[in-house]
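What follows is one structure encoded as structure tokens, with my remarks underneath.
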Amino acid sequence: ARREMASGYAFSPPDDYFRAFEGSFPFEETHDQARSIDEVLKDMGRERPMDRLLCGDVGFGKTEVALRGAFRAVLDGKQVCLLVPTTVLSLQHFKTFRARLADHPVEIALFSRLVKPAELKAQLEALRLGKIDIAIGTHRLLGKDVKFHDLGLLVLDEEHRFGVKHKDRIKEFRANV
């Protein structure tokens, strides 16, 4: 109820640049996928925080829905956090996002145990300064040392696999994101 009454950021409507990105999707969208994308983009245009649950089997295009929302957020100068429960899934999403956004000036970083400590330290500083647009990672992104410059979208993949402590930390992000 608090989030329903809260004021959030209304993302700008999709422009020609965004539509060109959509057009570069190498697959045909399913009816449900297209509807989900439209609903997410519509919700992002409202001046209240969005809560949306997207369910579907593996291979039904949920990642593309998240990608479109993330790209729209980045185009408005906001940062995106894609939080996943496993290292393998974080790497998979990192590779997918990097490949899909390769032709666009989007800085994507991986935050997991696969990242060397020195590199992670530099990435945390870049995230705080707003130099990283999309942070993809495991519970490492829930650490107290993680500070976003201007977080605009939080995407949780397989939310049910996070524990109570992690979910409590996630709630701290939720006020206006």
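Things to note:
- Residue within region 77-100 that is among the polar types (S, T, N, Q) and without any contact (Cβ under 8 Å) to a residue 12 or more places away in the chain present: yes
- Residue count for region 21-37, restricted to those that are within 19 Å of VAL74 (Cβ to Cβ) and more than 16 Å from the chain's Cα centre (by Cα): 5
- A count restricted to region 105-149 and to residues that are small (Gly, Ala, Ser), part of a loop (DSSP other than H, G, I, E, B), under 21 Å from VAL177 (Cα atoms) and free of Cβ contacts under 8 Å to residues at least 40 places away in the same chain stands at 1.
- Exactly one residue out of ARG72, ARG46 is in contact with a Phe, Trp or Tyr (Cβ under 6 Å, 6 or more places away or on another chain), closer than 14 Å to GLY152 by Cα and either part of a helix (DSSP H, G or I) or modelled with pLDDT under 95 (or both), and it is ARG72.
- Residue list for region 82-107, filter: open to solvent by 20 Å² or more (accessible area, probe 1.4 Å), under 16 Å from VAL155 (Cα atoms) and under 13 Å from the mean Cα position of the chain (by Cα): PHE94, THR96
The values are calculated or read from the model by the stated rules, or taken from the named source; none is laboratory data. Here the structure is a predicted model, which means the values were calculated and not measured. Quick reminder, even Gly has a Cβ in these numbers, built from the backbone with ideal geometry, and neighbours come from all protein chains shown. In case anyone asks, the SASA skips ligands and DNA or RNA and just uses the protein heavy atoms, side chains included. Shrake-Rupley method; radii C 1.70, N 1.55, O 1.52, S 1.80 Å.
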